[in-house]
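Taking it in order: structure first as structure tokens, then the write-up.
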Amino acid sequence: MHLDYLISDLALITIAAGVVTLIFKKLKLPIVLGYIVAGFLISPNFTYLPTVVESADIHVRANIGVVFLMFGLGLEFSFKKLATVGGSAFIVALTVMGAMVLIGTGVGSLLGWGKMDCIFLGCMLSMSSTMIILKAYEEDGLKEKKFAQLILSTLIIEDIVGIFMMIILSTISVSQNVSGGAMFGEIGMMLMYLVIWLLLGIYLIPTLLKKASKLMNEEMMVIVSVAICLGMVVIANFIGFSEALGAFMAGSILAGTVRAGYIERLIKPIKDLFGAIFFVSVGMMIEPELLAEYVVPILIITMVTILGQMTFATIGILLSGQSLNTAIRGGLSMVQIGEFSFIIATLGTSL
């Protein structure tokens with residue numbers, strides 16, 4: 001009897017993730033790194049072990065993982081929490097993103113790249129990884145710490161800014177200049193949609209859940225919660241936002257309901273499973289030939305990213321009025337590039 005490749009690939013992914021992460025746990029190494037290594041070992045780029053059959057589905061699995069990870073983050077991070085650190089997070093996000101866009105653009109120029117390539121590089125380097133940081137905080141039990149809450153708020157603001165950054169990049173890459181009423185018109189429409197979307201979500205969904213909560217058991221609550229998440233993802237994509245932001249907004253809206261803790265507990269196993277699949281999928285995308293071919297620019301950009309993110313995140317946190325201890329711990333958290341950077345890179349190649 002023939003086994004569908006979807007099942008066989010999923011079996012290979014979970015087996016590899018389980019074995020490698022157990023080894024990494026024993027060696028006291030980060031579990032996220034174990035997932036990435038597991039993904040590389042079963043990828044089509046490493047042929048010494050069994051590999052996934054359908055490599056075209058790697059990006060699909062990664063996107064599903066991002067959706068549920070961001071949904072889980074939203075459930076733990078209500079708008080009320082975001083408002084308490086919003087001012088500080090806004091200062092940190094602006095400091096880091098502004099500095100890294102300028103530095104990345106300058107590095108691209110020094111490497112001899114074209115003008116648009118340099119601008120795209122700067123935008124890619126300006127964002128840190130919500131997924132990596134969230135997973136690391138969860139592993140080390142740091143998620144409720146003050147600096148961790150500030151960094152997670154900063155990352156959410158970065159993702160929101162990233163959406164508008166993509167509008168600007170799309171416009172200037174076609175017209176080769178930053179001016180134009182079309183760009184501001186698009187941004188205005190996006191803001192209008194966002195306000196309407198949030199108002200409907202914040203008032204409508206909690207009210208409906210409150211009225212229907214007595215009719216729901218655990219199974220129905222899971223189904224309804226996942227339906228709200230995926231529905232918001234579809235709506236977000238339709239009006240021009242990213243799937244990740246749609247999932248986060250869905251979680252944040254549910255976090256404002258009276259059943260928030262209950263929903264978070266029910267969703268956690270789903271989030272953990274698809275989170276593991278996401279990081280394994282990232283490992284599958286590693287191509288050793290490309291790493292060897294572009295080793296010099298990769299090393300330069302890596303060092304610029306680490307030092308730049310760490311330095312300007314620390315400065316931004318200090319400027320927001322936080323202590324030196326909070327600033328250093330927060331700065332060290334933001335030394336990696338974000339998933340949104342891959343979206344911006346894809347946009348650049350398509351344009």
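Would you mind checking the pairs LYS135/LYS210; LYS143/LYS271; LYS26/LYS271; LYS26/LYS146 and listing those with alpha carbons more than 25 angstrom apart?
Check vs 25 Å cut-off fails for LYS135/LYS210; LYS26/LYS146.
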Margin query: What does the charge count around VAL53 come to, taking other residues whose C-beta lies under 12 Å from its C-beta (Lys +1, Arg +1, Asp -1, Glu -1)?
Written below: -4
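With +1 on the Cβ of every Lys and Arg and -1 on the Cβ of every Asp and Glu, and nothing else charged, how large is the dipole of the stretch 240-351 about its Cα centre, in debye rounded to the nearest 20?
Numbers: 5 positive and 7 negative charges, 121 e Å.
Using Cβ point charges on Lys, Arg, Asp and Glu, the stretch 240-351 gives about 580 debye.
What whole-number value in Å² describes the accessible area per residue of the stretch 268-340 for a 1.4 Å probe? Write out the running numbers ahead of the final one.
Values: 3570 Å² over 73 residues.
Heavy-atom accessible area per residue stands at 49 Å².
Scale the Cα Rg of the chain by the rule-of-thumb value 2.2 N^0.38 Å and send over the ratio, two decimals. If you can, show how the numbers build up before the last one.
Details: Rg = 20.6 Å, N = 351, 2.2 N^0.38 = 20.4 Å.
It is 1.01.
Shape call for the stretch 20-167 from the C-alpha gyration tensor, a ≥ b ≥ c root eigenvalues: rounded (a/c under 1.5), prolate (a/b greater than b/c) or oblate? Don't skip to the answer; put the middle values down first.
Values: a/c = 1.95, a/b = 1.17, b/c = 1.67.
Because a/c hits 1.5 or more and a/b fails to exceed b/c, the stretch 20-167 counts as oblate.
Only helical DSSP H runs with n ≥ 4 go in: add -39500 (n - 2.57) per run for the chain, normalise by residue count and round the 222 nm mean residue ellipticity to 500 deg cm²/dmol.
Working: 15 runs with 280 residues, N = 351.
My calculation for the chain gives -27000 deg cm²/dmol from helical runs alone.
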Notebook entry, point to check: Residue farthest toward the positive end of the dipole of the chain, with Cβ of Lys/Arg at +1 and Asp/Glu at -1: which of ALA136, LEU10, ALA212?
Noted result: ALA212
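What number comes out for accessible area per residue over the stretch 1-57 if the probe is 1.4 Å? Units Å², please.
On the way: 3740 Å² over 57 residues.
Per residue, the stretch 1-57 has 66 Å² of solvent-accessible surface.
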Next item on the list: For an R0 of 25 angstrom, estimate the FRET efficiency from the Cβ-Cβ distance between ILE223 and ASN63 and round to the nearest 0.05.
Entry: 0.75
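Using a 1.4 angstrom probe on heavy atoms only, work out the carbon and sulfur share of the accessible area of the stretch 226-351 in %. Can you show the working numbers first?
Numbers: 4240 of 5810 Å².
Carbon and sulfur atoms account for 73 percent of the accessible area of the stretch 226-351.
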Next item on the list: With a Förster radius of 41 Å, plug the Cβ-Cβ distance of ARG259 and LEU49 into 1/(1 + (r/R0)^6) and report the FRET value to the nearest 0.05.
Entry: 0.40
Check: Based on Cβ point charges of +1 for Lys and Arg and -1 for Asp and Glu, what charge dipole magnitude is obtained for the chain about its Cα centre, in debye rounded to the nearest 20?
Finding: 1220 debye
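The values are calculated or read from the model by the stated rules, or taken from the named source; none is laboratory data. The shown structure was predicted, so the numbers you read here are calculated from the model rather than taken from an experiment. Note: ideal-geometry Cβ built from the backbone for every residue, glycine included; neighbour counts use all protein chains shown. With ligands, DNA and RNA removed, areas are computed over all heavy atoms of the protein, side chains included. Shrake-Rupley method; radii C 1.70, N 1.55, O 1.52, S 1.80 Å.
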